[in-house]
Amino acid sequence: MTVFFNNLSLNYTHVILIGMCAILIGMSKTGIPGVSMIVVPTMAMIFGGKASTGVLLPILITADIFAVTWYHRHAQWKPLLKALPWAFLGLLIALWVGKMVNDQQFKHIIAVSVLFSLVLMVWNDLSHKKDILTGHPMFAAVFGILGGFATMIGNVAGPVFAIYLLALHLPKKNYIGTTAWFFAIINIAKLPLQYFVWNNITAKLLIIDFLAIPFIMLGAYIGIKVVYRIKDPAYRWSVVIITFISTIFVFL
């Protein structure tokens, strides 16, 4: 095992960080959004910007499966189906952009995507006109494209989709269930794109993803237990606050 990690230029600190990232992803997918934002810069630090998305994607899909299994019956399909077609368009735009930029530019795009999403989230929540976003005919289209772009370019679409659903004032379980289905569908769609176009998913890296499964399960269990203890109004604000704090790490 030590030889395997050495071949990937990974040390014990990297291994511990990857395990922690897997736990945070599991927690995020089962209802504690924002905590996984630190995962993006951490994995980019270990593997590089574009390569890190290839390591992360199978981990995210595994966590998506746990989230959908637990919350699938709470999904609200109307807002989901409105955003999905536009999200696929966002994937294609990001796919093209990802082929045109270098690794450092890739990291900058990730950071800008997160910052823009965060600003929109806070602005919408503090606005006295609560329908200023949802009332616009392009509401689902804009956030669908942004969500698809952000998730393809760096797996950072959480804040974007959070704005979309928080603006609709969905109850806690409906919010989590809808989010779970959205990312399960989108992440599975990304798999062949990253494998065949970006070529950043390899058999060697998939072993890391396989070893991360127990940590994903632990994080998913923690997320489920914590969410059940938080009431809906507090949960809404916790999404905003956690996302704000965690986004800072993207720029470190």
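Note down the relative contact order for segment 144-228 as a percent, whole number, built from C-alpha pairs under 8 angstrom at least six residues apart.
On the way: 23 pairs, mean separation 12.3, N = 85.
Worked out over segment 144-228, it gives 14 percent.
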Mind giving me the nanometre distance, one decimal, between the label points for Phe116 and Lys225, set 7 Å out from Cα along Cα→Cβ?
3.9 nm
Provide the packing ranking of 221-230, 82-91, i.e. peptides ordered by the mean count of other C-beta atoms within 10 Å per residue, highest first.
82-91, 221-230
Measuring from centroid to centroid over Cα atoms, what is the spacing of segment 145-216 and segment 34-105 in Å?
3 Å
Which of Lys190/Lys225; Lys78/Lys173; Lys29/Lys99; Lys82/Lys231; Lys29/Lys225; Lys78/Lys231 have a Cα-Cα distance over 19 Å?
Lys190/Lys225; Lys29/Lys99; Lys82/Lys231; Lys78/Lys231
Report the label-to-label distance for Thr13 and Leu206 in nanometres (one decimal), using points 7 Å from each Cα along the Cα→Cβ vector.
3.1 nm
Burial-style ranking of 70-77, 38-45, 161-168, 209-216, average other-beta-carbon count within 10 Å with highest first, yields 161-168, 38-45, 209-216, 70-77
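FYI, it's all coordinate maths here, none of it is from the lab. Since this is a predicted model, take the numbers as computed values, not measurements. Cβ: placed from backbone, ideal geometry, glycine included. Neighbour counts: every protein chain shown.
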